[in-house]
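For reference, the structure is listed below as structure tokens.
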Amino acid sequence: MLPMFEAGRVAMHAASGYAIESFRKVQFDWDVVSFPWFDFEGRRYRATGLWEEEFAILWDTDVPEKAWRFARWCAGPEMVRWAALDGHIVPGRIDVASSDAYLHSGRRPENMRAFTDSLSFAVSIYPHPWLKRIGIDFDPVLDQYLIGTEGRRITAAEALIQLQQILQGVLDEYNAEHGESPAN
């Protein structure tokens with residue numbers, strides 16, 4: 001998208017903090033705004049995605065204390081401040097996100113508040129802890145639908161029935177492990 005933006009062929013681009021570093025290289029004035037409202041059947045809607053950064057420690061690591069210190073450093077104020085000011089992330093730490101250094105750095109974009117203000121209507125992109133497991137379990141069915149096996153592709157209706165059964169099974173297993181009541 002950046003070459004098209006630089007060439008003036010695209011006036012607006014939906015992006016997140018990940019694009020700041022690249023966009024800072026363009027040679028004209030630009031800024032950011034929150035996503036606009038969407039009016040539909042008399043109601044107003046507004047949303048944006050929220051992508052979290054994750055740090056994990058392998059359960060069988062030989063160096064659990066070092067791994068813990070490293071993960072804490074990655075999520076600590078110094079690292080988050082550096083990543084935010086250099087345009088790599090929108091900071092998840094309130095102390096960094098509300099700091100004058102982040103909101104008024106003197107660098108583009110001028111309206112950094114648009115990113116943090118958008119958090120009030122952001123929707124998590126990874127809403128369930130077992131989302132990856134669900135995706136893995138879905139793959140064989142999606143392959144049967146999109147590619148086919150043994151010379152036959154299944155229909156969308158057949159795929160949906162199988163996917164619903166898989167999803168319900170995974171959710172029931174998750175709920176049983178975490179003491180949640182089963183889905184109705």
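The values are calculated or read from the model by the stated rules, or taken from the named source; none is laboratory data. Just so it is clear, the structure is predicted and the values come from calculations on it, not from any experiment. Cβ placement follows ideal geometry from the backbone for every residue including glycine, while neighbour counts extend to all protein chains displayed.
To keep it simple, each residue is scored yes or no on (1) in a helix (DSSP H, G or I); (2) on the phi < 0 side of the Ramachandran plot; (3) surrounded by 13 or more Cβ atoms within 10 Å (Cβ to Cβ); (4) under 23 Å from the mean Cα position of the chain (by Cα).
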residue: MET4; (1), (2), (3), (4): yes, yes, no, no
residue: ILE20; (1), (2), (3), (4): yes, yes, yes, yes
residue: PHE28; (1), (2), (3), (4): no, yes, no, no
residue: VAL80; (1), (2), (3), (4): yes, yes, yes, yes
residue: HIS88; (1), (2), (3), (4): no, yes, yes, yes
residue: PRO109; (1), (2), (3), (4): no, yes, yes, yes
Residue under evaluation ALA122, criteria (1) in the same structural domain as PHE35 (by TED's automatic domain parsing); (2) in contact with a Lys or Arg (Cβ under 9 Å, 6 or more places away or on another chain), criterion not met: (2)
Qualifying positions in the stretch 30-60 - in contact with a strand residue (DSSP E or B) (Cβ under 6 Å, 6 or more places away or on another chain) and either modelled with pLDDT under 85 or assigned to a loop (DSSP other than H, G, I, E, B) (or both): PHE35, TRP37, ALA47, LEU50
Pairs please, first residue from the stretch 138-154 and at negative phi, second anywhere and part of a loop (DSSP other than H, G, I, E, B), Cβ atoms under 6 Å, 6+ apart in sequence or on different chains. GLN144/ILE154; TYR145/ILE154
With the first residue restricted to the stretch 87-99 and required to be at pLDDT 90 or above, and the second required to be part of a loop (DSSP other than H, G, I, E, B) and buried (at least 20 other Cβ atoms within 10 Å of the Cβ), Cβ contacts under 8 Å at 6 or more apart or on different chains are ALA97/VAL90; ALA97/PRO91
Given the conditions (1) closer than 28 Å to PRO129 by Cα; (2) not in a loop (DSSP other than H, G, I, E, B), which single one is not true for GLY92? (2)
Evaluate the stretch 61-72: report whether one residue or more is in contact with a helix residue (DSSP H, G or I) (Cβ under 6 Å, 6 or more places away or on another chain), surrounded by 11 or more Cβ atoms within 10 Å (Cβ to Cβ) and outside any helix (DSSP H, G or I). yes
List the number of the failed condition for VAL10; all other conditions in (1) closer than 26 Å to PRO129 by Cβ; (2) surrounded by 12 or more Cβ atoms within 10 Å (Cβ to Cβ); (3) of a type in the set (Val, Ile, Thr) hold. (1)
Residues of the stretch 131-149 satisfying the condition of being surrounded by 13 or more Cβ atoms within 10 Å (Cβ to Cβ) and over 23 Å from TRP51 (Cβ atoms): VAL141, ASP143, GLN144, TYR145
